[in-house]
Amino acid sequence: MSQAADAVEREAMEYDVVIVGAGPSGLSAAIRLKQLAEAAGTEISVAVLEKGSEVGAHILSGAVIDPSGIQELLPNWQELGVPLETKVSRDKFVILGPQGALDVSFLPFPKWMLNHGNYIASLGNVCRWLGTHAESLGVEIYPGMAASEVVYDEKGAVKGVVAGVFGIGKDGEPGPDYQPGIELHAKYTLIGEGVRGSLSKQLQAKFGLTDGRDAQKFGIGIKELWQVPDANFESGLTQHTFGWPLDNATGGGSFMYHFGDNYVSIGFVVHLNYKNPWISPFDEFQRFKTHPSIRSYLEGGKRIAYGARAITEGGSQSLPQLYFPGGVLLGCAAGMVNVPRIKGSHNAVKSGVLAAEAAFAAIAEGRGGDELVSYEAAYNKSSIAKELWSVRNFKPLWSKFGTIPGIGLGALDAMIATLFGGWSPWGTVKHGKSDAESTGLAKDYKPITYPKPDGVLSFDKLSSVFLSATNHDENQPAHLKLKDASIPISVNLPKYGEPARLFCPAGVYEVLYDAQGENPKFQINFQNCVHCKTCDIKDPSQNINWTTPQGGDGPNYPNM
């Protein structure tokens, strides 16, 4: 934003607590704050800011949901009607080869990897329900209001955020419809932006929250929602696969969940520490669906939604300090996903509850703007910490030894750690390089020729983005910022083949040539961005900075 726009005077609104992000962690924190105030016979003012056009618009997850978090927040959740739709009826685990498949469901998988008692649902719809419930308790929710800046007080503590800036032109100057936004001030600001949030990244750097921690690790999850014929549908089925089309050195796998009205939620995860820069996670997913054992579930069905999202995979080793002066990090903003369980929403809900309890107690003591050390202390004693500590070596062992040996070793290690209070014969295995640093040189790998999409089972990126209902105002500056505009062509193209054009699942980045096939030019189609944040994570030069566009822009996910 230009200096002229940044220096403008803004109105301020005062709250006890401001929450950034109407995901499971933020909404749970808001609900818990109101529950505590009601129990204490007092009042507490809570505002939730959501950059999506509505609550749930930017929520994407598999999702098989462990209801333990919801149970803790709302013990009568079933009576209240929380939309956890379909109870899991059967778990299936399959190793895929190029044509064949080996069903290994008979193996003695640890109980925590099985889904007995869990529910298949749309996490977006669960958040929509939580948002409505929060509003019924008096929480103020502001959708379409992107929190674009952190506001600090005179001591350097977080005082709140700026939200609702609209009308900045492509040149960075205020346009005719310019709105400067407002400052929302709070005693405590809770950051629940999800994976690789722009404010979370700034706060971690400013306050050194990741000092002494391993680099955070990530995957990209790409998901489609299908509606299939009765003959292909098994209500409550969950299936996970490993292997083809990925090689043993590239971590990842698939999920497929049957729920609701003949819906099949199918997706593919690729760990972003892959080395081969020619890999396109989107195209690996499209190829995966053509496998005979996967095709049989989708044939005759219709693809009705598409989306993509980064996933935190670092676990305990990569967890930052959870508190900073004036606020805390919640859920996936901190990285509370359990990789082998492929679950994080229950931990996100619990983190919101813990943060709300810490903030409420501090406010009751007349405090504000200080460090909620009690939140991290409560986390360290919580089921979240115990769960993540027991599986801390699963991802690094997978990365170190490859998919087939690594998953076996990781599962064995996690079982031992679960039985012996977190003790592991491996100790704590380090993750090593960041995902960006893991990218290999283009000259060391063969380019991959992916099959052309058939428009029936496999599709191109642009038709997929259309199904995400993504929209951005074209008159605003691109929210994808290059630190150095020359690097994509001068460094990334000759050295890595410019992998942004491949790892982006939405066709945002292109390398264009003139009629003679020369003079390459890097183009950013920011209008296509589905806010997955993969570019911010995987760019080998760390030259792309994902920032928030205008509020309400981005995908509008239905039932995702």
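Between Glu154 and Asp514, full extension at 0.36 nm per residue minus the direct alpha carbon distance yields a gain of 124.3 nm.
Length available on full extension from Asp177 to Ala361: 0.36 nm per residue minus the Cα-Cα distance, which gives 62.0 nm.
Note on Lys87: accessible area approximately 110 square angstrom, rounded to 10, probe 1.4 Å, nucleic acids and ligands left out.
Considering only beta bridges that DSSP places wholly inside the chain, some 70 percent are antiparallel. All Cα-Cα separations within segment 250-388 were binned at 10 Å from zero, giving a P(r) of 10, 31, 25, 19, 11, 3, 0, each value a whole percent of the pairs.
Distant-in-sequence amide contacts of Tyr15, defined by a placed amide H-H separation under 5 Å and a gap of 5 or more residues or a different chain, comprise His185, Ala186, Lys187. Placing a label point 7 Å from the Cα of Leu419 along the Cα-to-Cβ direction, the residues of segment 107-125 whose backbone N falls under 13 Å from that point are 110-111.
Only DSSP H runs of four or more residues enter the estimate; each adds -39500 (n - 2.57), and after division by the residues of the chain the mean residue ellipticity at 222 nm equals -7500 deg cm²/dmol. Which loop GluC sites (Glu not before Pro) in segment 139-176, with loop taken from DSSP, have no more than 13 other Cβ atoms within 10 angstrom of their Cβ? When the GluC sites (Glu not before Pro) of segment 139-176 are filtered for loop state and at most 13 Cβ neighbours within 10 Å, Glu154 remain. Phi-derived couplings, Karplus 6.51 cos²θ - 1.76 cosθ + 1.60 at θ = phi - 60°, listed residue by residue for segment 314-325: x, x, 4, 4, 9, 5, x, 4, 8, 10, 8, x Hz, with x used for Gly and Pro.
As an exercise, identify the trypsin sites (Lys or Arg not before Pro) in segment 115-168 lying in DSSP coil whose Cβ has no more than 10 other Cβ atoms within 10 Å. Each step should come with its number before you reach the end.
Working: sites: Arg128, Lys155, Lys159; in loops: Lys155.
Sparse-neighbourhood loop trypsin sites (Lys or Arg not before Pro): Lys155.
Of Thr210, Thr250, Thr449, the order by accessible heavy-atom surface (1.4 Å probe, DNA, RNA and ligands excluded), from most exposed downward, is Thr449, Thr210, Thr250.
In this view, the solvent-accessible surface of Tyr323, computed with a 1.4 Å probe and all protein chains in place, comes to about 40 Å². If each Cα of segment 76-148 is one equal point scatterer, what is log10 of I(q)/I(0) from the Debye formula at q = 0.14, 0.25 Å⁻¹? Once normalised to I(0) and log-transformed, intensities are -0.70, -1.17. Take the Kirkwood radius over Cα pairs of segment 115-231, plug it into Stokes-Einstein at 25 °C and 0.890 mPa s, and you get 133 µm²/s for translational diffusion.
When restricted to Cα atoms, segment 1-122 yields an Rg and a Dmax of 21.5, 65 Å, respectively. Equivalent-ellipsoid semi-axes for segment 409-518 (Cα gyration tensor, √(5λ), whole Å, largest first): 37, 22, 18.
Shape verdict for segment 326-472, please, from the Cα gyration tensor: rounded (a/c under 1.5), prolate (a/b greater than b/c) or oblate. Show your work: numbers first, answer last.
Details: a/c = 2.39, a/b = 1.39, b/c = 1.72.
It is oblate, given that a/c is not under 1.5 and a/b is not larger than b/c.
Volume per residue, Å³, of the convex hull around the alpha-carbon atoms of segment 47-175? Value for segment 47-175: 237 Å³ per residue. The alpha carbons of the chain stretch over 64, 61, 47 Å along the principal axes, in descending order.
The values are calculated or read from the model by the stated rules, or taken from the named source; none is laboratory data. Please read all numbers here as calculations on a predicted model, not as lab measurements. Using ideal geometry, Cβ is built from the backbone for each residue, glycine included, and neighbour counts are taken over all protein chains shown. Surface areas here come from the heavy atoms of the whole protein model, side chains and all, with no ligands, DNA or RNA. Shrake-Rupley method; radii C 1.70, N 1.55, O 1.52, S 1.80 Å.
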